[in-house]
């Protein structure tokens with residue numbers, strides 16, 4: 001059952017809630033959220049999908065749907081992805097129109113991978129925020145920012 005739910009991206013907490021419902025409540029379930037997470041990781045490893053392959057697959061799908069969609073990633077010497085950059089076609093068009101002023105900032109490790117989120121934001125003629133592009137970064141070093149800004 002966990003394998004089926006994993007294939008359709010049901011979150012761990014919902015999987016656990018459903019299984020406990022079928023068994024009559026949490027007190028009759030010998031699983032924890034961590035057990036579900038561990039099993040889900042095993043299922044994804046068997047299928048050859050880890051988080052980064054899923055991200056790259058998602059980005060390639062977006063690129064197939066939107067010819068203006070752009071993404072790039074930076075890998076280290078061991079061919080592990082360090083940084084990912086993306087920009088939707090509509091965002092790129094907005095940048096052409098409203099890209100005179102850009103706000104750029106990185107968040108500090110607000111996700112489970114301790115990656116920094118780096119949005120490129122602007123404002124349109126009505127004062128609305130526009131996301132021109134985004135990136136997730138492994139660190140905030142000069143080589144990383146060189147890669148990011150040259151990719152942007």
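The values are calculated or read from the model by the stated rules, or taken from the named source; none is laboratory data. This one's a predicted model, so the numbers in the text were calculated from it and none came from an experiment. Cβ sites come from the backbone with ideal geometry, for glycine too, and all protein chains shown count toward neighbours.
Residues are listed down the side, and each one gets a yes or a no for (1) touching a helix residue (DSSP H, G or I) at 6+ places or on another chain (Cβ under 7 Å); (2) assigned to a helix (DSSP H, G or I); (3) crowded, with 16+ Cβ neighbours inside 10 Å:
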| residue | (1), (2), (3) |
| --- | --- |
| 6 | yes, yes, yes |
| 13 | yes, yes, no |
| 24 | no, no, no |
| 60 | no, yes, no |
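Within segment 62-102, which residues are under 19 Å from residue 120 (Cβ atoms) and in a loop (DSSP other than H, G, I, E, B)?
Within segment 62-102, 66, 68, 69, 88, 99, 100, 101, 102 meet the criteria.
Using the structure shown, decide if residue 57 is in contact (Cβ under 8 Å) with a residue 40 or more places away in the chain, within 30 Å of residue 95 (Cβ to Cβ) and in the same structural domain as residue 142 (by TED's automatic domain parsing).
Judged against the criteria, residue 57 is not a match.
Looking at (1) in contact with a strand residue (DSSP E or B) (Cβ under 6 Å, 6 or more places away or on another chain); (2) surrounded by fewer than 10 Cβ atoms within 10 Å (Cβ to Cβ), can you tell me which one residue 77 breaks?
Checking residue 77 against (1) in contact with a strand residue (DSSP E or B) (Cβ under 6 Å, 6 or more places away or on another chain); (2) surrounded by fewer than 10 Cβ atoms within 10 Å (Cβ to Cβ), the one that fails is (1).
Limited to segment 117-135, what total is found for residues that are part of a strand (DSSP E or B), in contact with a helix residue (DSSP H, G or I) (Cβ under 9 Å, 6 or more places away or on another chain) and closer than 20 Å to residue 51 by Cβ?
Of the residues in that region, 2 qualify.
If I ask for residues that are over 12 Å from the mean Cα position of the chain (by Cα) and farther than 25 Å from residue 142 by Cβ, which ones from segment 51-88 would you list?
Residues satisfying the conditions are 60, 61, 62, 63, 64, 65, 66, 67, 68, 69, 88.
Considering segment 26-48 alone, what residues qualify as being free of Cβ contacts under 8 Å to residues at least 12 places away in the same chain, touching a helix residue (DSSP H, G or I) at 6+ places or on another chain (Cβ under 8 Å) and either surrounded by 13 or more Cβ atoms within 10 Å (Cβ to Cβ) or within 22 Å of residue 83 (Cα to Cα) (or both)?
Scanning segment 26-48 gives a single hit, 26.
Give the residues of segment 118-132 that are in contact with a strand residue (DSSP E or B) (Cβ under 7 Å, 6 or more places away or on another chain) and in contact (Cβ under 8 Å) with a residue 12 or more places away in the chain, sorted by residue number.
Selection gives 118, 119, 120, 121, 122, 123, 124, 130, 131, 132.
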